[in-house]
Amino acid sequence: MEVEKNEAVDLLKSEIPFEWDPELVLTREVEAGRPVGLVLVDEVNGFCTVGAGNLAPTQPNKQIEKMIQESNKLAKFFSDKGWPMFVFLDTHFPDKPEPPYPPHCIIGSGEENLVPELEWLEKDPNATLKRKHCIDGFLFCTKEDGSNAFADWVNKFQIKTVLVLGICTDICVLDFASSALSARNVERVPPLEDVVIYSEGCATYDLPVHVASNIEGALAHPQELMHHMGLYMAKGRGAKIVNSVSLI
């Protein structure tokens, strides 16, 4: 059964392939006058810690573990260099649901907090933390006066490349990247030029067909396929998709 599943995923991937962009070499970017900012999306307990909530994994998940490992490694590198980081944390009020998802990351539950490996970012002077109440982080950063907190951050540090990691590849990461790219295209987030998504630093959730069929209203969400779909869709929006990031 597992073999058939893998073959089906491989077949679907072969029908919607994409080319990887060249490895992102961080120091080379900066030395070339292209400051880089790191964006981490929703690496909170409610999405990443086993048993932490309705949308958390029910058992250890290699894709999520890899994402956290890569995020921690890159964040420490950025911190050591004094480079800017923008960290989104999905955070919701109990009386404001987010259909079609069940209650998650409710304020005060602990689900809305960074995973233990990344808690140090709360006190890091290079990190800007932003709690968001909707899927699209870029949209949530829009202020009442029409300005945008993320765009302000990009402008403050004169960032030309943002490197994006986080969860879920096909939901919050995709929506953020798509909106940031649309804003770039109409010159609403200068001097941003490139949105780069690091595949090994992203993850999504796994809800197999046989499980989803027993949950009213649930949609099947096979992890590997939807991770690929998220990257594919982001590529189609203009993001650069890399499977390797070099620190030197």
GNM flexibility winner over the chain from 173, 186, 25 (Cα, springs under 10 Å):
186
Taking every other residue with Cβ under 12 Å from the Cβ of residue 116 and scoring Lys and Arg +1, Asp and Glu -1, one gets -4
Counted charge near residue 105, where neighbours are those whose Cβ lies closer than 10 Å (Asp, Glu -1; Lys, Arg +1)
-3
Note to self, the chain gives a 222 nm [θ] from helices alone (DSSP H runs n ≥ 4, -39500 (n - 2.57) apiece, / all residues, nearest 500) of -10000 deg cm²/dmol
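What translational diffusion coefficient, to the nearest whole µm²/s, does region 190-248 have by Stokes-Einstein, given a Kirkwood radius computed over alpha-carbon pairs, a temperature of 20 °C and 1.002 mPa s viscosity?
Estimated via Stokes-Einstein, D reaches 160 µm²/s.
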Given the options 95, 124, 136, which has the most mean-square fluctuation in a GNM of the chain, springs set between C-alpha atoms less than 10 angstrom apart?
95
Ratio of the Cα radius of gyration of region 124-248 to 2.2 N^0.38 Å, where N counts its residues:
1.16
How much of the calculated P(r) for region 1-130 lies past 27 Å, in percent of all Cα pairs?
38 percent
Going toward the positive end of the dipole of the chain, with +1 on Lys and Arg Cβ and -1 on Asp and Glu Cβ, which of 221, 97, 196 do you reach last?
196
For a quick check: with amide H placed at 1.01 Å from N, whose amide H comes under 5 Å from residue 166's, ignoring anything fewer than 5 positions away on the same chain?
41, 202, 203
Hey, can you list the DSSP H helices of the chain whose Cα span along the axis is 15 Å or longer and whose average Kyte-Doolittle score is at least -0.5?
174-185
May I ask for the Kirkwood hydrodynamic radius of region 139-185, worked out over all distinct Cα pairs and given in angstroms to one decimal?
11.5 Å
Between residue 144 and residue 122, Cβ-based FRET efficiency (R0 22 Å, step 0.05) works out to 0.25
Which percent of Cα-Cα pairs in the chain sits in each 10 Å bin, short to long?
7, 32, 38, 19, 4, 0
About its Cα centre, how strong a charge dipole does region 139-248 have in debye, to the nearest 20, once Lys and Arg get +1 and Asp and Glu get -1 at the Cβ?
360 debye
Could I get the Rg over Rh figure for region 41-110? Both from C-alpha atoms, Rh via Kirkwood, rounded to two places.
1.04
For residue 131, which sequence-distant residues (separation of 5 or more, or a different chain) have an amide H within less than 5 Å of its own amide H, given hydrogens modelled in the peptide plane?
89
Counting only protein heavy atoms and leaving out ligands, DNA and RNA, the solvent-accessible surface of residue 120 at a 1.4 Å probe, in Å² to the nearest 10, equals 80 Å²
In whole angstrom, largest first, the equivalent ellipsoid semi-axes that the Cα gyration tensor gives for region 62-187 are 22, 20, 14
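The values are calculated or read from the model by the stated rules, or taken from the named source; none is laboratory data. On a predicted model such as this, the values are computed, not experimentally measured, just so you know. When we count neighbours, we look across all protein chains shown, and the Cβ atoms used for this are built from the backbone with ideal geometry, even at glycine. Just so you know, the surface numbers come from the protein's heavy atoms only, side chains and all, with ligands and any DNA or RNA stripped out. Shrake-Rupley method; radii C 1.70, N 1.55, O 1.52, S 1.80 Å.
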